[in-house]
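Okay, so here's the structure we're looking at.
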Amino acid sequence: MLGEKITARAHTNIALVKYWGKENEQLIIPANSSLSLTLDEFYTDTSVQFDEALSSDEVTLNGNVVNDEKITKFMDIIRQKANVNTFARIESTNHVPTSAGLASSASAYAALAAAGSKAYGLNLSQKDLSRLARRGSGSATRSIFGGFAAWNKGTDDESSYGYSIEDPVKMDVNMIAIILDNQPKKISSRKGMKISIETSPYYQSWIQQTTADFQTIEEAIKENDFTTLGKTAELNAMRMHSLTLSSDPSYLYINADSLEVINMVKELRENGVECYYTMDAGPNVKIICQSDKITAITDKLSDKFSNDQIKVSGPGEGIKYL
Ligand code: ADP
Ligand code: DP6
Ligand code: CO
């Protein structure tokens, strides 16, 4: 028997308060709560169809066959919940560079959770979808929701879930992604954060600081205070990256090109163009700005980078079925 083919689209999200470390690796319970902006320009489309003729899951990513144990394990969670043993045909397309620090794992597992659960006959609430997406990749917990979203840390599978903070977003806020390198990173987020939590002597201070940053940004969203949001997001990102430097072995996602963009942001700011930078587990930088500054920023960036390396994005929508 062939099930109905279900397709879902999920957008990536970039954290303003980062998640960097797990309290429980198996269930993906984070060490701190995090807060993000879902982006319109970057997303994943995934379709799932179960087929009794299959003897294992068949997965393609951007048209290529992939063998990824993480996907099979994730599908097993869905099969267990649905009480169905049948394998599935899964087709996924990333409209975002894969494994490059632009949060492909977030849109990927949010889309797979939505398409997979529905294809297997489950009708999950947004909250339960976010809990399911979390099992694939932590950041996916937030990509179920559009606009500003958060992931409540919680202590177990029940209490660790995503929720909407504001969607549609009232604040005038955009992100400009500068694609410096679209090749897969050497140290995955999963591996990087494990080294940090296990070895950085600053990890406990990170937890304290990031809890404060969460409150500051939550308040800034309520107050429509772009300056506080931008400043705090930039600081929080660098606090996260200082955990990578202070790990044993020490490692770094920031490269020479990233530094160049960071310096451009500082220069723009000195010249009265308000903008802030953030970075995830990869060298690509995202600039946070308001609409009236986009042209000044992209003009400056285009001195050094080509147009196809510069992608301007506003807030994106939550999960949807196509
Ligand atoms: P990123 O910065 O892109 O989120 P991560 O290291 O967090 O990088 O995650 C990359 C991993 O996410 C990939 O190795 C792959 O396992 C998974 N992934 C990315 N895109 C997809 C997709 N469309 N479907 C399934 N898994 C995906
Ligand atoms: C720096 O969600 O990719 O982007 O849960 O192991 O799949 P896993 O990691 P992932 O980590 C994201 C790290 C980050 C910050 C963030 O998105 O909060
Ligand atoms: Co990721």
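Things to note:
- Reference-scaled alpha-carbon Rg (2.2 N^0.38 Å with N residues) for region 90-212: 1.16
- Surface composition of the chain: carbon and sulfur make up 46 percent of the accessible area, probe 1.4 Å.
- Region 122-178: translational diffusion in µm²/s, Stokes-Einstein, Kirkwood Rh over Cα pairs, 10 °C, 1.306 mPa s: 132 µm²/s
- Qualifying lysines (Cα of each under 25 Å from Cα of LYS194; at least 8 residues distant if same chain): LYS18, LYS22, LYS70, LYS73, LYS153, LYS185, LYS186, LYS286
- Those aspartates and glutamates that a straight Cα-Cα span of less than 12 Å connects to LYS170, excepting residues fewer than 8 apart in one chain: GLU223, ASP225
- Reachable aspartates and glutamates, given that their alpha-carbon falls under 12 Å from the alpha-carbon of LYS81 and they are not under 8 places away in the same chain: ASP128
- Descending Cα extents along the principal axes, region 34-97, whole Å: 38, 29, 18
- Stokes-Einstein translational diffusion, region 145-198 - Kirkwood Rh over all Cα pairs, 1.567 mPa s, 4 °C, in µm²/s: 88 µm²/s
- Rg/Rh (Cα only; Kirkwood hydrodynamic radius) as it applies to region 192-303: 1.01
- A 1.4 Å probe run over the chain, with the rest of the protein chains in place, finds 43 Å² accessible per residue.
- Stokes-Einstein D (µm²/s) once Rh is taken as the Kirkwood radius of region 264-322 over alpha-carbon pairs, at 10 °C in 1.306 mPa s: 123 µm²/s
- With N counted as the residues of region 158-238, its alpha-carbon radius of gyration over 2.2 N^0.38 Å works out to 1.35.
- Relative to the longest principal axis of the Cα atoms of the chain, the long axis of helix 256-270 makes an angle of roughly 50 degrees.
- Computing FRET efficiency as 1/(1 + (r/R0)^6) for ILE294 and LYS222, where r is the C-beta to C-beta distance and R0 is 22 Å, gives about 0.35.
- The angle between the Cα long axis of helix 189-199 and the longest principal axis of the Cα atoms of the chain comes to about 70 degrees, rounded to the nearest 10.
- Between the helical axis of 69-82 and the longest alpha-carbon principal axis of the chain there is an angle of about 60 degrees.
- Using just its DSSP H runs of length 4 or more, each adding -39500 (n - 2.57), the chain gives a mean residue ellipticity at 222 nm of -11500 deg cm²/dmol after division by all residues.
- Note that region 6-170 carries a Kirkwood radius of 15.5 Å, evaluated over its alpha carbons pair by pair.
- Normalising by residue count, region 42-139 has a Cα convex hull of 88 Å³ per residue.
- Loop sites in region 113-207: GluC sites (Glu not before Pro), DSSP, at most 13 other Cβ within 10 Å: GLU158
- Over the chain, all Cα pairs binned in 10 Å intervals from 0 give whole-percent P(r) values of 6, 28, 35, 22, 8, 1, 0, listed from short to long.
- Coil-residue GluC sites (Glu not before Pro) of region 35-144, DSSP, other Cβ within 10 Å capped at 16: GLU52
- Taken along the Cα-to-beta-carbon direction at a fixed 7 Å, the label points for ASN271 and GLU23 span 4.6 nm.
The values are calculated or read from the model by the stated rules, or taken from the named source; none is laboratory data. Note that the structure is predicted; figures quoted are calculated from it, not measured. We place every Cβ from the backbone using ideal geometry, glycine too, and count neighbours over all the protein chains shown. The accessibility values were calculated without ligands, DNA or RNA, using every heavy atom of the protein model including side chains. Shrake-Rupley method; radii C 1.70, N 1.55, O 1.52, S 1.80 Å.
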